[in-house]
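S.K.: Mind looking over this structure? Questions follow.
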Amino acid sequence: LRFTIADRPGVLAKLAKILGERGISIASLIQHDPGDDAPDHSPVPLVIMTHLAIQADLHAALNEIDRLDVVHAASVCLGVED
């Protein structure tokens, strides 16, 4: 999952709460630093890898996340196979 989110406290908690309510477990995540020259609360990329999840639950969670005011662009979801 790839998001562009506001870089401020509590944003990750909002996303994790929505994923958790749908039974989606986070395996790992990477949030990039906007850099020292970026204005406060600049959008930053966030990549979340989840454990195996039901596709309908994942899409429902992403629809809810995309409506949050802290999300600056539509999410991108790519499947990963072993």
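The values are calculated or read from the model by the stated rules, or taken from the named source; none is laboratory data. Here the structure is a predicted model, which is why all the values come from computation and not from measurement. In this analysis, Cβ positions are derived from the backbone assuming ideal geometry, glycine residues included, and neighbour counts consider all displayed protein chains. When the accessible area is computed, the model is the full protein with side chains, heavy atoms only, and any ligands, DNA or RNA have been set aside. Shrake-Rupley method; radii C 1.70, N 1.55, O 1.52, S 1.80 Å.
S.K.: Would you say residue 38 is surrounded by 14 or more Cβ atoms within 10 Å (Cβ to Cβ) and either among the small types (Gly, Ala, Ser) or not in a strand (DSSP E or B) (or both)?
M.R.: So residue 38 does not fit the description; no.
S.K.: Among the residues of the stretch 1-43, what is the count of those that are in contact with a Ser or Thr (Cβ under 7 Å, 6 or more places away or on another chain) and either among the β-branched types (Val, Ile, Thr) or at pLDDT below 90 (or both)?
M.R.: 4
S.K.: Whether any residue in the stretch 71-80 is without any contact (Cβ under 8 Å) to a residue 60 or more places away in the chain and in contact with a strand residue (DSSP E or B) (Cβ under 8 Å, 6 or more places away or on another chain) is what I want to check.
M.R.: yes
S.K.: Go over the candidates 24, 18 one by one and state the one that is outside any strand (DSSP E or B) and in contact with a Leu (Cβ under 7 Å, 6 or more places away or on another chain).
M.R.: Every option except 24 fails the conditions.
S.K.: Right, here's the next one. Could you list all residues from the stretch 68-82 that are in a strand (DSSP E or B) and either open to solvent by less than 60 Å² (accessible area, probe 1.4 Å) or among the acidic types (Asp, Glu) (or both)?
M.R.: Across the stretch 68-82, the qualifying residues are 71, 73, 75.
S.K.: Mind listing whichever residues of the stretch 50-67 are open to solvent by less than 100 Å² (accessible area, probe 1.4 Å) and closer than 17 Å to residue 11 by Cα?
M.R.: 61, 62, 63, 64, 65, 66
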